[in-house]
Each structure stands twice: as structure tokens, then as C-alpha cells.
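I have placed the structure first, in the form of C-alpha cells, so that the comments after it can refer back to it.
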Amino acid sequence: MTQPAFAARVDRALADPDLKRAIERTTGTARSKRAAAVAAWPDFAAARELGRDIKDHVTANLDHYLLTFERNATAAGAIVHWARTAQEACDIVVGICKAAGAASVTRAKSMLGEEIGLPHALADAGIERVETDLAEHIIQLAGDPPSHIVWPALHKTREQVAALFRAHHHDPGALATVAAMVASARRELRRRFMAADVGISGANFLIADTGAVCTVTNEGNAELTTTPPRVHIVTAGIEKLVPSTAHAMSLLRLLVRSATGAEVTQYTTFHCGPRRPGDADGPTAFHIVLVDNGRSRMLAEGLAEMLRCLRCGACLNHCVVFRQIGGHAYGGTYPGPMGAVLTPVLDGLAGTQDLPHACTLNGQCQEVCPVAIPLPTLLRGWRERSWREGLEPGVVRGSLFAWRFLVLRPALYRPATALALRVMRLFARRGWIARMPLAGGWTRHRDLPSPARQTFMAQLRQRRPSA
Amino acid sequence: MSDARSTILTAIRATLRPDRAAADPAAIAAAAAGLLLRVPPLRPDRVRGAAAEAFLARVASPAVGASAERIVSLAGLPDAVRRYLAAHDLAASIALQPHPELCALDWSGIATHPRIDLDEPVAVGLALGGIAETGSLVFHSGPTAPTLFAFLPLHHIVAVAAERIWPWLEDYAAALATLPVPRNVNLVTGPSGTTDIEGTLVRGAHGPGHLHVVLVDPAYHPPASDAA
Ligand code: SF4
């Protein structure tokens, strides 16, 4: 990903009126429902500090909790695998599928699965993949990557979903309402659940003291994905650990309210090992793949706070940039503020250095983050590193040096800004600048307010003639 | 594979424990327990008064979206099911969770089967308990509690005993710590739903579209009209 690529993606996104409408419909609802849920919880601020402290406690003892989890999961009959990289994780999953003779796998939405490129790895191995989450089903039909971490099909309007279902479903019906679309997907996927050889899911929490894997979902597809097949594979980032079920409950309260504004998801499930003797259903083999993929490096390189992330999506819904450009423009698995912090870790800073710049530093994301991650600070950290590593383009570096030269010399700076004001006002019409040389990057998508008649310093001199 | 394991653990320890001191499990456990002490005063104000009352109110609230009723003993469950089937114009045929307490009831007039079908219209089950704070039902999988009963039917009717309603999520977690951990714990809160298309909530995604909770409460005094 090079700079023009990011700029081009942003241009394309801004030019798409359907996209803007689709983003606003979902994030608008999410923002107001979250606000109501938080307002109904007087001690939310204190709960958020507790959430932060639970995650920090786990991060500070990550080696201990990983080993405790591994021991307890293994005792419950799970097979625990470790993967350093995305490639290693995919190889493990594909290897398990092949060993099980799997022709078809069902998958319940998991951002980690997207992060490691599991859909591609399964396709390359010739294994049929059936996405069972409604949004993932939609984007699988459309051939799109996810555009939001909670609502992967957020970029699709209901009209576009209806068109997709009409083209692909066996028995779509009239599809006049969203409810009819949901019913059509239910009919379409029902049989696929039972036919799969392997079910793959992610994890919201890994419970160290029981060895269980917790998933939180609303549709019921996750349990229909993980229960009928012979094999259940969980892929989970190593940061998902919590000490106990009780600790998970505190984080659950924060996660669900921040994500959807509900108090709890419809289904909160703890998966612990394979089918027990006498059990009527459940997989006979249960695998857990613990994935590092840059996380131990984040710990070492000053990004430990990011390991708190619960993947709730609140920072996306409240980001003024995300709401304009949507998820695909970011070009990584994770969009929005949290994505702008994570993508340089996952894909390397060279080539993704534009993402930390796509931010106004207004602080909304940090304010709504349920585990108080200082996202603006982490983004500024990437900007500084990008500067140090010489990744900023020559024009930017040159302009900043010129600016520095001027501001350090007030006798030059004052007349220079006074002149700039006068020139800018030449282009203003009714208080706004719609077009001006060198300002195309700004004025292509919005107007620039006309500056004041005089500089701040000049106005100050007039008001305080004695000074 | 074990290579990956040691590489990851070594990298983590190099950051966390540069002095190569071993983790102290007792100190870590004490810190973890200390965090939990902060929970009770900051929970959302959800459970006042009797847990069973709060549970019922929560279950039937629009946020949870289930329906609920109360009976005095489990023997009354078949009648409650008959009423439900009639009210919803459903055939008198149910998948009955293979639990001995349910199988011992008098189901005359209703055809029951112990295995659940892919397109099962109605399943009747018994929850291990409930959580008042969230209006959640708790299921532990096992020989008499198949997981799929809570996910395949269109209508799920669930009996739960009033004395098994825990006030808060943490109270259930504490109870779990004293029980054998089952393969699956399912906390079920209302019928399934999705907001995946434009954020619009639709009930009944892949799981049940209707959830009916029957609280079995011996202390309950039904109004004279439905005492029959
Ligand atoms: S950074 Fe915070 S707000 Fe954003 S997804 Fe993660 S937990 Fe949620």
C-alpha cells in the first residue's frame, strides 16, 4: 500500500453516496444506543477503569496466564497449538481440516480469522468455506472484505443486500423488508450447518482458570457452527486471556454496551473441550490455535495498551474519518482508529504510514473506548516513528522544515502570515473558499472558511494599543 | 509447533521479566482477586428486591424480548405448553429435552420426541438456572441437555426454578466454580436476533425466533382466575 493508493481509496469512498448513507445508518444507530446504555449506568467510568486494569493485569502476566490456560484447556481435552505468524496459524488450521478429511467448513465471524487470512488459506487448500454470520454471508456473496469489526457488511445498503440475495439464494421470496432478508438467509444456511465437517470460530475471551473459550454473539449461528461438526477449531489472539469467568463478566458488560448498546448479547457461550461421554451433541475434537502475529512485539515496542482492545468497534462508530470514508479505504483488516494503530504492526509501517495521519486527534475514540486505550497518543507515536524512519514524503518534510524556519523568526513570520491572509481572502466568496491554488487536497471535498481580515497578532496590537 | 510456543513465551518474558524472575502465582492470584473486589459497587443498578422478580421483569423487557409466565410447580409445565401452542396456533408436537424431570411429566395430548429436528417448530427444555441482572437462562450441556435444543427450534419454551435465579453475573460465575465445568455453558438472553443489515434489529436470525420462559415458583400465589 503506497500513499497514492490510500488517497485513491479515500477518493473512491468519498465519491460513493450509497456508502455514506450505509455507514451513517448503522453507526448512527450504534452511537445513540451506546449513549443510552452508558447513560443508564451511573458508574460506567469506574467500570471502565476496572476493565482497563483487568486487561493490564493480564498483559503484565501474559506468560503466566497463557500457560495456565494451556494447562486447563488441555486437561479438558482440547488440543492447544501455538502460531507465531499468520502463515503458521493458517497452516495449522488447514492441516487440521485436511487431517479430518474436511470437504466443507462452516465459519462463525472472527476478526482474527480475517487478520490471518484464513478465508484465502482455506480456498487455496480447496476446502469449501461457508460463512454463517449474516454479515459475513453477505460479504462472502459480494466477494468483499469486511468493512467494520462488528458489522462487516456495514457498507451495504438494504437494497444492495436484497439484490445479492435475489441473485444467490435458492428461495429468496419477496425480500421487501430487512426481516424477509434475514429469513431468507436462515433458510439458505440451515442445511449447511449440519453438513459441515469442521466448524471454525474465534474467541472473545480465553478463560485461564477453566480453559474455556468464550464467544459472544446474537444470531445463534456460532453455536450452530461449533456444535454439529466433528471438529471445532478456535483461532484466538494471545491477548484474549482473562483470569476467570468472573473477570470475563466485568469485561462483557463493557464490551456489549460499547458495541451495540445492548446490555448482554443473546448468546454468551463458554466452550470447554470436546464432547464428553454421554453427551448428545458437540464436536469430538476441539482445537485451539493461540496466535501471536505481532502481539509480543506490541508488548515490547510500547503498544502494550493496545492489547487491551476488546474489538467492540465503538472507536470506529465515533470516528469522524471512518464515518466519511468507511472501512475499506483503510486497506487493512482493522479499520478506524484501532485499525490505524494495528495495521502498521501487522503490515509494516512503510506503506501504511498514511493511516495514523488519517485522524483529527479529536479524542472521541479514546473517550468512548471501554478499556480507555489512549488511541490518539498511540497514533501520534506512529507519526513520530514514520518521521524518524524517513517515511514521510519529501514535500511534507520540506514544507515542515520551511514552516519551522519561519516560526522561529517572528520578524519574518508575521509579515508572511499577513500576506497569506490577504491572498486567501482574494479567493473567498461569501466567507468560504471553494477553490485555491495549492489547497486542492482540502477544497476538493469541502470548503475552507475564509480567514479573518487580520492576523491574531495584528488584532492584539489594535486592542491593546499600549502594549 | 513447540518451537512457536517457546519463541512466543521467550519474547513475552524478555519484555515482562527482564530480570528473569519467575512469575509468582500466589501474588498474581491475589492481584486478580483484588480486582474482583471492586466489582459490586460499580455494577449497573439492575437487581433490587427478590432475584426471581427482577429476572422475570428483565426477561419480558423489550431489550431482552422474551415472553414469560409463572407457575407454582413443574407439574404445571405441560398445561403452560398447551396454552402456548394454542395461542400461537402450533401443532401439538414438541421436541422434549431428554431430562428426567421433564420426561416424568404428563404430556398427554402432545406428541413428544427426544431428538431435535433441523426445522423443529417447538422445543421444550429445562434450564439449570437464570441470571436476574441480564434476564439470561443458563444451560450446561450434558447427556440430558443437548446444546442444539437452544439453537434449532423456532419456538423455545424453557422452565426454570425460581430458587436457581442468581442475582448477578458474578453470582453465577461463583456457582460455576463449585460445579464440574461442562463442555458448553450457554447463557441465553432472549430470542436470537441480528442488526447486520443497516443496524436494524430483526428477531429470529439463525436461532429461535421466540423464547418463552416459565418460572417455576412454589411461593407464587396465582390470581384466582388462572388458579384452575
Ligand atoms: S480500541 Fe477501544 S473502542 Fe476501539 S475497538 Fe478496541 S476496545 Fe473498542
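The values are calculated or read from the model by the stated rules, or taken from the named source; none is laboratory data. Bear in mind the structure is a predicted one, so any value in this text is a computation, not a measurement. FYI the Cβ positions are ideal-geometry reconstructions off the backbone, even for glycines, and counts take in every protein chain you see. Accessible surface areas use protein heavy atoms only, side chains included; no ligands, DNA or RNA. Shrake-Rupley method; radii C 1.70, N 1.55, O 1.52, S 1.80 Å.
Overview of results
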read-out	value
Helical mean residue ellipticity (222 nm; -39500 (n - 2.57) per DSSP H run of 4+; nearest 500) of the protein assembly as shown	-13000 deg cm²/dmol
Rounded tilt (10° steps) of A:410-426 against the dominant C-alpha axis of chain A	80
Residue-normalised accessible area of chain A, given per residue in Å² at a 1.4 Å probe	40
Hull volume in cubic angstrom per residue (convex hull over the Cα atoms of the stretch A:272-408)	158
At q = 0.16, 0.18, 0.19 Å⁻¹, base-10 log of I(q)/I(0) for the stretch B:1-131 (Debye sum, equal scatterers on each alpha carbon)	-0.92, -1.08, -1.17
Excluding exposed DSSP-loop trypsin sites (Lys or Arg not before Pro) (at most 15 other C-beta within 10 Å), longest clean stretch of chain B	B:116-228
Where GluC sites (Glu not before Pro) fall in DSSP loop in the stretch A:362-443, at most 12 other Cβ within 10 Å	A:389
Shape category assigned to the stretch B:48-227 from the gyration tensor of Cα positions, a/c cut at 1.5	rounded
Max mean-square fluctuation residue, GNM over chain B, Cα-Cα springs under 10 Å, options B:174, B:132, B:150	B:174
Loop-located trypsin sites (Lys or Arg not before Pro) in the stretch A:376-467 whose Cβ has at most 14 other Cβ within 10 Å (DSSP)	A:430, A:435, A:444, A:446, A:453
Residue A:360-residue A:158 FRET efficiency (beta carbon distance; Förster radius 45 Å; 0.05 resolution)	0.90
Protein accessible area in the protein assembly as shown, 1.4 Å probe - carbon and sulfur %	57
Chain A, relative contact order in percent, only Cα pairs under 8 angstrom and at least six apart counted	19
Square roots of 5 times each gyration tensor eigenvalue, C-alpha, the stretch A:6-295, largest first, Å	30, 26, 19
Gaussian network model of chain B, springs between alpha carbon atoms under 10 Å - residue of B:176, B:187, B:102 with greatest fluctuation	B:176
Residues in the stretch B:69-92 that a label on residue B:113 would reach, taking backbone N under 18 Å of a point 7 Å out along Cα→Cβ	B:90-92
Nearest-0.05 FRET efficiency for residue A:320 and residue A:424, computed from C-beta distance (R0 30 Å)	0.80
Rounded accessible area per residue of the stretch B:48-227, 1.4 Å, Å²	37
GNM top mover of B:117, B:19, B:196 - chain B, alpha-carbon springs below 10 Å	B:19
Rounded to whole Å, sorted largest first: equivalent-ellipsoid semi-axes of the stretch A:77-131, Cα gyration tensor	16, 14, 11
Other-chain or far-sequence residues with amide H under 5 Å of residue B:68's (modelled H)	B:213
Estimated distance in nm for a label pair at residue A:74 and residue B:48, the labels positioned 7 Å out from Cα along Cα-to-Cβ	5.1
FRET efficiency for residue A:171 and residue A:21, using Cβ-Cβ distance with R0 set to 25 Å, rounded to 0.05	0.30
Percentage relative contact order, chain B, counting C-alpha pairs under 8 Å, at least six apart	23
Under the Karplus curve 6.51 cos²θ - 1.76 cosθ + 1.60, θ = phi - 60°, whole-Hz ³J(HN,Hα) for the stretch A:147-152, x wherever Gly or Pro sits	10, 7, 7, 9, 10, x
Segment residue A:300-residue A:399, extension gain: residue separation times 0.36 nm, minus the distance between their alpha carbons	32.3 nm
